[in-house]
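*Asks:* One structure coming up, written as structure tokens, with questions to follow.
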Amino acid sequence: MSSVKEQPIGKCCVCSQGWIIVVKEISSQKYFVYCDECEIEWDHPEDFISNQKGTRFKYGFITEASKQEVFDIGWSKYIDQTMLQ
């Protein structure tokens, strides 16, 4: 996936290299957060923030969520505004 990183939640606590971003599975339209480097995924931003164990390969093909989608699902409060500067 070519990540635009428009909706960063934070830096990955697993690989310390990737960005955690809000994405959407194309087939199901389900939103979750995902590391664009090591591909670890969490069902909800709170799961990532609270250091719950992530998964890999639970979801299929993805696309980055738009700013409007992130706002509509109520996850805009998780976006790290300092990473957007």
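The values are calculated or read from the model by the stated rules, or taken from the named source; none is laboratory data. Everything numeric here is computed off the predicted structure, so don't read it as measured data. Every residue, glycine as well, gets a Cβ built from its backbone with ideal geometry; the counts of neighbours run over all protein chains shown. Areas reflect the complete protein model, heavy atoms only, side chains present, ligands, DNA and RNA absent. Shrake-Rupley method; radii C 1.70, N 1.55, O 1.52, S 1.80 Å.
*Asks:* With the requirement that a residue be at pLDDT 95 or above and over 9 Å from the mean Cα position of the chain (by Cα), what does the stretch 16-36 give you?
*Replies:* Answer for the stretch 16-36, where residues must be at pLDDT 95 or above and over 9 Å from the mean Cα position of the chain (by Cα): Glu25, Ile26, Ser27, Ser28, Gln29, Lys30.
*Asks:* Return the residue satisfying two criteria in turn: it lies in the stretch 39-53 and is free of Cβ contacts under 8 Å to residues at least 24 places away in the same chain and polar (S, T, N, Q), and of such residues it is nearest to Trp75 (Cα to Cα).
*Replies:* Result: Ser50.
*Asks:* Can you find, within the stretch 38-51, the residue that is most open to solvent (accessible area, probe 1.4 Å) among those that are among the acidic types (Asp, Glu) and within 14 Å of Ile9 (Cα to Cα)? Walk me through how you get there before you give the answer.
*Replies:* Taking the stretch 38-51 and keeping what is among the acidic types (Asp, Glu), we get 39, 41, 43, 46-47.
With within 14 Å of Ile9 (Cα to Cα) added as a condition, the list becomes 41, 43, 46-47.
Working: Glu41: 9, Asp43: 56, Glu46: 86, Asp47: 35 Å².
Here the answer is Glu46.
*Asks:* Please work out which one of (1) surrounded by 20 or more Cβ atoms within 10 Å (Cβ to Cβ); (2) within 13 Å of Gly10 (Cα to Cα) is the condition Gly54 fails and give its number.
*Replies:* With respect to (1) surrounded by 20 or more Cβ atoms within 10 Å (Cβ to Cβ); (2) within 13 Å of Gly10 (Cα to Cα), Gly54 is out only on (2).
*Asks:* In the stretch 57-85, what residues are in contact (Cβ under 8 Å) with a residue 40 or more places away in the chain and either open to solvent by 100 Å² or more (accessible area, probe 1.4 Å) or in contact with a Ser or Thr (Cβ under 7 Å, 6 or more places away or on another chain) (or both)?
*Replies:* First, the residues of the stretch 57-85 that are in contact (Cβ under 8 Å) with a residue 40 or more places away in the chain: 62-67, 69-70, 73, 75, 78-80, 83-84.
Once the filter is applied, which keeps residues that are in contact (Cβ under 8 Å) with a residue 40 or more places away in the chain and either open to solvent by 100 Å² or more (accessible area, probe 1.4 Å) or in contact with a Ser or Thr (Cβ under 7 Å, 6 or more places away or on another chain) (or both), the stretch 57-85 yields Glu64, Lys67, Val70.
*Asks:* Just for the stretch 39-85: of the residues that are in contact with a strand residue (DSSP E or B) (Cβ under 8 Å, 6 or more places away or on another chain), of a type in the set (Asp, Glu) and assigned to a loop (DSSP other than H, G, I, E, B), which one is nearest to Glu25 (Cα to Cα)?
*Replies:* Only one residue tops the list, namely Asp43.
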